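Q: Structure incoming, see below.
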Amino acid sequence: MIKKFTLAAVLLSMSLFASAQSKSVTISSINGTNVEQYDGKVADVKMNRYMFTGWNTVSFPFDLSADKVNEYFGNDCRLEALTGISGDENAMKLYFEDKKSEGIKANTPYILYFTGESQNVNITTESTIQAGESKVSFSDNGYTVNFNGTDKIMTGDNIYGIFAADNAESKFVKIAGTTGCYATRCYISVDGDKDVAFIAVHNEKATTAIDKVAAADNANDKVYDINGVQKKSVSKGINIVKGKKFAVK
């Protein structure tokens, strides 16, 4: 009886030890990896990511602390997230804000300024794999701009990315006719496939059409829609009067 109990205890101990070990998962930063099979699991994550000197885009299916960001990308690197837009078809400003102190959050699109020489960065960390959509969207003047992270190669005629030749200014341009946007990177799309010229702005607050209406017409009773277009009168939908927004059903 004692032998059976001892054997059972040993087997249980071995099972618990095995379950506590993190699974090793290699993330492809080119073709992508099906991370859904690892969703929610703690893993020893390995990823080899090429970084150009200047601005790059990053979106990972796992977290990296601020200390890890500094370890792998350098203390002088910059990490920013898109927090707003403003403009029209002539020029759409993309407002990026510093998020380095928060580290990299899983399935969140960022731009990252790398100060080292262009090189492969080997990332090895224990983290929870998180499958899911990586996307933020903002609207102004009838335009909806999406900043998307991708876990596979993304191609298309109306997506915008950062070319290595233009990355000193985080310039987003159309990448049609190229090999596309590789996995663990980000691209911009515009609803309706509209052509837009983008200008990146760093650490400034976006001024939307609603903000402009509020500043210019706070003292009168003019009525505007959510895109800042003046209306004849209050009607069904979103209305803005004296800088205040309210809905009519």
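Q: What do you reckon, is ALA176 open to solvent by less than 80 Å² (accessible area, probe 1.4 Å), of a type in the set (A, V, I, L, M) and at pLDDT 95 or above?
A: No, not satisfied.
Q: Mind counting the residues in region 83-98 that are in contact with a Gly (Cβ under 7 Å, 6 or more places away or on another chain) and aromatic (Phe, Trp, Tyr)?
A: Within region 83-98, residues that are in contact with a Gly (Cβ under 7 Å, 6 or more places away or on another chain) and aromatic (Phe, Trp, Tyr) number 1.
Q: State whether the residues of region 134-143 include one that is out of contact with any Leu (no Cβ under 8 Å at 6 or more places or on another chain), at pLDDT 95 or above and surrounded by 20 or more Cβ atoms within 10 Å (Cβ to Cβ). Working first, answer last.
A: If we filter region 134-143 for residues that are out of contact with any Leu (no Cβ under 8 Å at 6 or more places or on another chain), which is where we start, we get 134-135, 137, 139-143.
If we keep only those that are at pLDDT 95 or above too, we end up with 134-135, 137.
Narrowing further to those that are surrounded by 20 or more Cβ atoms within 10 Å (Cβ to Cβ): 134.
Checked region 134-143: at least one residue is out of contact with any Leu (no Cβ under 8 Å at 6 or more places or on another chain), at pLDDT 95 or above and surrounded by 20 or more Cβ atoms within 10 Å (Cβ to Cβ).
Q: Within region 44-88, restricting attention to residues that are assigned to a helix (DSSP H, G or I) and among the acidic types (Asp, Glu), which residue is farthest from ASN227 (Cα to Cα)?
A: The residue in question is GLU71.
Q: May I ask you to verify whether ASN107 is in contact with a strand residue (DSSP E or B) (Cβ under 7 Å, 6 or more places away or on another chain), part of a loop (DSSP other than H, G, I, E, B), of a type outside the set (A, V, I, L, M, F, W, C) and farther than 13 Å from ALA200 by Cβ?
A: Here the answer is yes, as ASN107 does meet what is asked.
Q: Which of the residues belonging to region 79-118 are more than 19 Å from the chain's Cα centre (by Cα) and at negative phi?
A: If the condition is that a residue be more than 19 Å from the chain's Cα centre (by Cα) and at negative phi, then ASP88, GLU89, ASN90, ALA91, THR115, GLY116, GLU117, SER118 are the ones that fit.
Q: Checking ASN90 against (1) surrounded by fewer than 22 Cβ atoms within 10 Å (Cβ to Cβ); (2) at pLDDT 95 or above; (3) not hydrophobic (A, V, I, L, M, F, W, C), which test does it fail?
A: The failed condition is (2).
Q: Next question. When only residues in region 30-67 that are among the charged types (D, E, K, R) and more than 18 Å from the chain's Cα centre (by Cα) count, which is most open to solvent (accessible area, probe 1.4 Å)?
A: Applying the filter and picking the extreme gives GLU36.
Q: Scan region 164-178 residue by residue and report those that are more than 15 Å from ALA200 (Cα to Cα) and either of a type in the set (D, E, K, R) or touching a strand residue (DSSP E or B) at 6+ places or on another chain (Cβ under 7 Å) (or both).
A: ILE175
Q: Oh, and also: Does region 155-163 contain any residue that is under 20 Å from the mean Cα position of the chain (by Cα) and charged (D, E, K, R)?
A: No, there is no match, as no residue in region 155-163 is under 20 Å from the mean Cα position of the chain (by Cα) and charged (D, E, K, R).
Q: Does LYS3 count as farther than 20 Å from ILE153 by Cβ, among the basic types (Lys, Arg) and either at pLDDT 50 or above or surrounded by 10 or more Cβ atoms within 10 Å (Cβ to Cβ) (or both)?
A: no
Q: While we're looking at this one, here's another question. Residues to consider are THR108, THR155, THR124, THR115; find the one that is among the β-branched types (Val, Ile, Thr), open to solvent by 10 Å² or more (accessible area, probe 1.4 Å) and in contact with a Cys (Cβ under 7 Å, 6 or more places away or on another chain).
A: Within the list THR108, THR155, THR124, THR115, the selection yields THR115.
Q: Being more than 17 Å from VAL196 (Cβ to Cβ) and of a type in the set (Asp, Glu) narrows it down to one residue among ASP151, ASP140; which is it?
A: ASP151
The values are calculated or read from the model by the stated rules, or taken from the named source; none is laboratory data. Remember, it's a predicted structure, so these values are computed and weren't measured experimentally. Virtual Cβ from ideal backbone geometry, glycine too; neighbours counted across all protein chains shown. Keep in mind that these areas ignore ligands, DNA and RNA; they rest on the heavy atoms of the full protein, side chains included. Shrake-Rupley method; radii C 1.70, N 1.55, O 1.52, S 1.80 Å.
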